[in-house]
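Heads up: the structure comes next, in structure tokens.
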Amino acid sequence: MPREFEWQEETLGSEDFYREDVEDLLQDGAWKEGFNEWTEYTNLDEEQVRIISDLGLFQAFDFYWDPTEDRLRFDAPTIPNDWRERETTAPLDSSTVSMIDTALEDLGRAVQEMLETYLERNDEASDYGWGEETYGHREE
């Protein structure tokens, strides 16, 4: 279940987060395009990006459709609380951890925006059959 998701009484148990559909969009290029955009403006250096990769944080993003808010959302990973005990390619300090966590949020936003662009492209001729046009309007 997503970190910030709140169950609604009227839909309890019927939520579908469309993660497989979102994953298809990510694999179709949304991740790569969003990631490349992020690399153009991130303040992280190569060593800090390697730390993110070594900790498996790029793979830990959770992108999903929030059926209660009818929108695409994401949960960005953070540096694990036990970072002081972990061996990484470079030493970490609390300011570096904070900077990495902020950069991961920025990456999530960049990829989310790219996913939304992919959804808009697919609205007219949807191969996925979902998105705001399909799921953005609740039947009463």
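The rows are residues; the columns are (1) at pLDDT 90 or above; (2) surrounded by fewer than 19 Cβ atoms within 10 Å (Cβ to Cβ); (3) within 30 Å of GLU20 (Cα to Cα).
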site: GLN59; (1), (2), (3): yes, yes, yes
site: PHE63; (1), (2), (3): yes, no, yes
site: GLU87; (1), (2), (3): no, yes, no
site: ASP101; (1), (2), (3): yes, yes, yes
Identity of the residue in the range 65-85, over 20 Å from ARG109 (Cα atoms) and either surrounded by fewer than 17 Cβ atoms within 10 Å (Cβ to Cβ) or touching a His at 6+ places or on another chain (Cβ under 8 Å) (or both), that ends up modelled with the highest pLDDT: PRO80
Any residue that is over 23 Å from THR42 (Cα atoms), surrounded by 15 or more Cβ atoms within 10 Å (Cβ to Cβ) and either modelled with pLDDT of 90 or more or in contact with a helix residue (DSSP H, G or I) (Cβ under 6 Å, 6 or more places away or on another chain) (or both) - is there at least one of those in the range 112-120? no
Determine whether the range 87-104 contains at least one residue that is more than 22 Å from ASN43 (Cβ to Cβ) and either over 18 Å from the mean Cα position of the chain (by Cα) or of a type outside the set (Asp, Glu) (or both). yes
Unmet criterion (only one of (1) of a type outside the set (Ser, Thr, Tyr); (2) in a helix (DSSP H, G or I); (3) surrounded by fewer than 17 Cβ atoms within 10 Å (Cβ to Cβ); (4) modelled with pLDDT under 90) for VAL22: (3)
Considering only the range 41-67, how many residues are assigned to a helix (DSSP H, G or I) and more than 20 Å from ALA30 (Cα to Cα)? 6
Within the range 90-122, restricting attention to residues that are of a type in the set (Asp, Glu), in a helix (DSSP H, G or I) and free of Cβ contacts under 8 Å to residues at least 60 places away in the same chain, which residue is farthest from ALA30 (Cα to Cα)? ASP101
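The values are calculated or read from the model by the stated rules, or taken from the named source; none is laboratory data. This structure is a prediction, so every number in the text was calculated from the model and none was measured. Every residue, glycine among them, receives a Cβ derived from its backbone with ideal geometry; neighbour counts consider all protein chains shown.
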